[in-house]
Structures are given as structure tokens and as C-alpha cells.
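Chemist: Below are the C-alpha cells for one structure; questions will follow.
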Amino acid sequence: MNADTEIDLAGLHQAIIDTIAAGFPSIKTVADYPDDRQRIEVPAALIELTELNAAPDDDPGTGQLAMEAQFELRYLIGWRGANQGRVIRSQVTALAHFIHQQQWGLPVEPARVLVAEPDEFSPELDQYLVWRIEWAQIIHIGENEWIDDGVTPSEVWVGIAPLIGPKHEELYARQDGGQHEEEGSE
């Protein structure tokens, strides 16, 4: 896994939107937190981060805060059409399968789908047929204190005590894939 696991929440939201839009080009609206839920072009996938819970068991040991991010996607279609109940269930299961194990191209743990169910508790969406998909994934908040911008060594030199240090560099041996070359001896 990439050592730099810092997540920007705005970037995570955008990655989710972009990945779903690319994976399901027939969905006309893929957005988060729409201002006007009354005039949405359907089918639509509306995404929200609904909860962040501390995840101490997933502490990466990097000074970052491990959080379980819980997301909801409300999938909307119109009421008109043949077998819309079957249509939405088929489309929601395809979306849930797509979300399952998704990392959105970012250094986050794979998504765990928790539920896919009808959503009858959003009165502002009453004019649509709505299902909800909920998923969770662990993300890391804050900078990784172990990221080093220094130069990665390309060679390893080995000395044997007590003949170590700058005064004895000519006695060191370079280690190359398990073989040793004696430097300073012919």
C-alpha cells in the first residue's frame, strides 16, 4: 500500500462522483449535496458522507486519525414506465456491486457495502422512486508524519566493529544482492 494515505475529503467526494459517472454513463445526474432536489434529471445518484467514526483498531501508526467514513447513495428514477420496481432493484444491485471493494483510485481501504434498501424517509424526494445504498470504508485524516522527502539510499556498505566510522571507510564492503565486494583490497 502507498505510504502516503492522507485523504482530502473534497477529493474523495470528487473521486467517488467521477468513478460512478464513468462506470454508469446512463446515470444522468451523479452529484453530492444537490441544492435543489426537486429538479434532478433521473436516473440520478446522490452521494453524501453521513458519518465519520473513529477507528482506533485501524490506526496506521503514522500520526494520522483513522476514521470509518460512512456514505449513502440515493438512487432515483421516475415512477413512470413498465416495471419500475424491478428496474430500480436491478440498477441498485449493479451499483452496490460496483461500490463493493471500491477504492476510487485513492489510498483508502476497500468499501464495504452495508445495505441497499428502499428509502421512504426523504420527503423532498417523494416524486421519485428512491433506493439507498450505504457503505463504509476506512480513511486516514491528516498528514503522515513518516513521509520523508529525503534521498533513498542506493547502496549499502558494511563495516565490522571496531574498524568502523569515517576513518575506516576503505575497509567497508559494499553489499550487492547477497554478494560482498571488498573495497581497498586487491
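All of the numbers you see were taken from the coordinates with simple rules; none came from a lab. Here the structure is a predicted model, which is why all the values come from computation and not from measurement. Cβ placement follows ideal geometry from the backbone for every residue including glycine, while neighbour counts extend to all protein chains displayed.
Chemist: So what is the 222 nm mean residue ellipticity for the chain from helices alone, if each DSSP H run of at least 4 adds -39500 (n - 2.57) and you divide by all residues, rounding to the nearest 500 deg cm²/dmol?
Modeler: It lands at -5500 deg cm²/dmol.
Chemist: At 37 °C and 0.692 mPa s, what whole-number value in µm²/s does Stokes-Einstein give for the translational diffusion of the range 60-174, with Rh from the Kirkwood sum over Cα pairs?
Modeler: Approximately 172 µm²/s, per Stokes-Einstein.
Chemist: How long are the three semi-axes of the equivalent ellipsoid of the range 1-111, in whole Å, if each is the root of 5 times an eigenvalue of the C-alpha gyration tensor, listed from largest down?
Modeler: 31, 14, 12
Chemist: Another question, then. Bin by bin, in steps of 5 Å, what percent of the Cα pairs in the range 77-126 do you find, going until the bin that has the longest distance?
Modeler: Computed distribution, short to long bins: 4, 16, 20, 19, 18, 12, 8, 2, 0.
Chemist: With springs connecting C-alpha atoms under 10 Å apart, model the chain as a Gaussian network and identify which of 144, 83, 53 has the largest mean-square fluctuation.
Modeler: 83
Chemist: Separate question: Could you work out the relative contact order of the chain, using alpha carbon pairs under 8 angstrom and six or more residues apart, expressed as a whole percent?
Modeler: 22
Chemist: What FRET efficiency comes out for residue 87 versus residue 51 if R0 is 35 angstrom and r is the Cβ-Cβ distance? Round to the nearest 0.05.
Modeler: 0.75
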